[in-house]
Amino acid sequence: MTLAVRNITVRYGPKTVIEDLNADAVPGALTAIVGPNGSGKSTLIKAICGDLPYTGQITLNGTDVATAQPWELAGLRGVLPQASTLAFPFHAIEVVRIGLTSGPDAEHHHRAEAALARVGLAGYANRYYQELSGGEQQRVQLARVLAQVWSPGTADGPRWLMLDEPVSSLDIAHQLQVMTIARNFARAGGGVIAVMHDLNLTALFADHVLVMAEGQLLASGHPAEVMTDDVLSRAYGCTLRVNTAPTDTIPYILPHCAAPHAAE
Amino acid sequence: MALADHLPQSRVARARILHGWLALALILVSLFSLTVGATEVSLGPALWKLATGEALTRMEAIVLWDIRMPRLILGLLVGSALAVGGAVMQGLFRNPLADPGLVGVSAGAGLGAITAIVLAGLAPLWLSRIAGDQLVPIAAFFGGWASTILLYRVSTRRGRTSVATMLLAGIALGALAGALSGILVYMSDDRQLRDLTFWGLGSLGGASWAKVVAAGPIIALALIAACTLGRGLNGLALGEATAAHIGLNVQRVKGLAILTVAAATGAAVAVSGAIGFIGIVVPHLLRLGTGPDHRPLLINAALLGALLLVLADVIARVIIAPAELPIGIVTAVLGAPVFLWILLRQRGMVDL
């Protein structure tokens with residue numbers, strides 16, 4: 001009952017984006033995929049979600065992603081895309097309900113309200129999606145995904161959240177909120193795979209980090225093991241120093257020290 | 001909390017209630033349209049005779065059964081087909097501006113119909129024997145089908161549909177279909193030219209039971225197919241990738257939607273020519289009133305489309321009686337300003 005990626009190769013035309021990659025992720029843990037732009041991390045999560053053709057094999061709870069029916073996969077995992085567009089003037093709650101289209105939890109209408117409440121948008125049910133800010137829209141989409149895979153662990157095995165840069169358009173308070181939701185999902189027995197840009201948030205929330213560079217896995221392990229000067233400098237192509245405070249007077253703000261306010 | 005429990009359901013619930021009101025209004029408008037016409041026969045009493053089981057006079061029977069009834073039924077069929085075709089196409093293209101008339105699908109269907117009329121003599125005997133009266137609507141269906149598929153291929157890349165590409169490709173497609181149609185018109189003989197002229201008027205004036213029989217089954221199939229598309233089109237509104245992630249078989253939804261658009265548009269164009277704006281105004285009005293959820297929307301579109309077209313036909317018949325206006329003119333005069341008004345009001349509401 002894990003995610004197993006075996007000998008994956010993905011090509012866009014003549015260009016090889018991912019070459020012969022192997023990786024694993026277990027439920028109960030938040031697995032972050034990090035790496036520079038163009039390293040293939042978004043491509044990897046798209047392959048895991050079954051969006052792209054690939055050679056090799058990806059199995060989720062033993063189900064082969066390439067051959068499974070859409071409704072089977074929808075019962076196993078929810079996917080939060082990097083960017084979403086919406087064609088028609090739906091209310092926020094209606095967008096969340098679309099997430100309940102199929103799968104074992106379809107027709108649980110109160111779940112949509114509960115999912116909105118979980119992302120801190122309880123009062124937004126009847127607001128037009130297009131009138132919300134970018135960050136609010138992203139949280140509505142997260143609520144839609146949560147509504148789809150509401151129970152992290154089921155009798156049939158764990159369920160998975162696939163998050164492609166879930167916090168990239170959010171302010172720091174909402175970044176912490178969304179990452180906490182994802183971590184709680186993992187703590188409750190579900191699996192979480194998140195493509196991350198922010199290394200501090202990754203260090204703070206991930207249980208396991210996959211570092212990618214040039215379409216290959218550079219390192220894999222606990223944040224403390226893989227987030228080192230050497231690995232990160234090689235991955236990102238610039239000199240990086242972990243746990244080093246700047247010596248001048250320019251302020252720096254780390255999410256590590258943030259604490260939620262009483263309100264919201 | 002009780003309020004929050006009930007409020008979020010309201011738009012879909014309102015749309016469901018609207019089914020009943022629209023059906024009732026449709027029945028009233030249909031009865032009204034049977035009583036209006038160029039002949040001096042007053043059909044109110046005739047309807048009363050029908051209801052009480054009395055025999056009709058010969059004149060009443062001809063006007064009612066052979067002139068007004070097929071015209072009413074054709075109006076109901078074409079109106080619902082145009083509105084549902086528009087709604088499905090907008091859902092498929094994730095774009096409230098997509099309309100078979102605006103983006104060349106009607107022109108493609110028209111090309112199919114013209115081909116069937118002009119080249120019918122060249123068709124193998126077995127084909128004309130199988131197709132019979134339905135040769136023209138079937139050819140229109142294939143014309144609409146080919147243009148819808150072509151348009152979708154051209155304007156969709158990686159599961160996202162470009163509005164600009166769609167509209168521009170639609171213009172090119174419409175121009176191409178128009179040019180090919182022109183070549184066929186040039187090739188046609190005098191009798192065919194007469195058929196084409198009557199067909200191209202965009203009117204319900206030529207309504208007959210034969211046309212009802214020709215278009216009815218195809219439109220009925222399209223309407224039934226549309227009723228199964230609600231969930232799929234709701235999912236597609238979030239983009240193709242997300243639609244697949246929530247468990248939809250995207251290829252099947254798209255394929256069925258394209259067939260539905262082609263069948264509805266093709267059959268409607270084949271029997272009544274191009275009638276504009278029903279396909280774009282009806283779904284828009286319904287989305288404003290009861291929200292964009294396609295499950296109730298498609299049913300309401302069929303009802304409201306039929307209602308508006310029958311009403312437009314009544315206007316077309318009485319406004320310059322005893323002559324009549326082509327119905328396409330009525331729907332354009334009433335529909336175009338409504339469309340512009342909606343566009344201005346909605347500008348910020350949709351991702352264009």
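A short reminder: the numbers here are calculations on the coordinates, not readings from a lab. None of the values given here were measured: they were computed from a predicted structure. Positions of Cβ are generated from backbone atoms using ideal geometry, with glycine treated the same way; all protein chains shown enter the neighbour counts.
Structure values in brief
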{"quantity": "Whole-percent pair-distance distribution, where bins are 20 Å wide, for the alpha carbons of the protein assembly as shown", "calculated": "18, 42, 27, 11, 2, 0"}
{"quantity": "Neighbourhood charge, 13 Å Cβ-Cβ cut-off, centred on B:R317 and excluding it, Lys, Arg +1 and Asp, Glu -1", "calculated": "0"}
{"quantity": "Exposure proxy order (Cβ contacts within 10 Å, fewest to most) of B:K49, B:K211, A:K15", "calculated": "A:K15, B:K49, B:K211"}
{"quantity": "Least to most buried among A:I18, B:I275 (fewest other Cβ within 10 Å first)", "calculated": "A:I18, B:I275"}
{"quantity": "Point-to-point label distance, A:N37-A:E131, nm (Cα→Cβ direction, 7 Å offset)", "calculated": "3.5 nm"}
{"quantity": "B:L47/B:D189 FRET efficiency (R0 45 Å; Cβ-Cβ; nearest 0.05)", "calculated": "0.55"}
{"quantity": "For chain A, alpha-carbon Rg relative to the globular expectation (2.2 N^0.38 Å, N residues)", "calculated": "1.01"}
{"quantity": "Of every Cα-Cα pair in segment B:217-297, the percent that sits beyond 15 Å", "calculated": "63 percent"}
{"quantity": "Å³ per residue enclosed by the Cα convex hull of segment A:217-264", "calculated": "147 Å³"}
{"quantity": "FRET efficiency for B:L168 and A:A122, using Cβ-Cβ distance with R0 set to 60 Å, rounded to 0.05", "calculated": "0.90"}
{"quantity": "Ranked A:T9, B:T290, criterion: other C-beta atoms within 10 Å, fewest first", "calculated": "A:T9, B:T290"}
{"quantity": "All-pairs alpha carbon distance profile, segment B:141-273, 10 Å steps from 0, percent", "calculated": "11, 32, 33, 17, 6, 1"}
{"quantity": "Simple spin-label estimate for A:R234 and A:Y252 in nanometres, 7 Å along Cα-Cβ", "calculated": "2.3 nm"}
{"quantity": "Convex hull volume per residue in cubic angstrom - Cα atoms of segment A:4-161", "calculated": "132 Å³"}
{"quantity": "Förster-model FRET efficiency, 45 Å R0, B:L28 and A:H110, C-beta, rounded to 0.05", "calculated": "0.70"}
{"quantity": "Cα-Cα pairs of segment A:178-251 separated by more than 19 Å (percent)", "calculated": "41 percent"}
{"quantity": "All-pairs Cα distance distribution in segment B:12-346, expressed in whole percent, bin size 10 Å", "calculated": "6, 26, 33, 23, 9, 2, 0"}
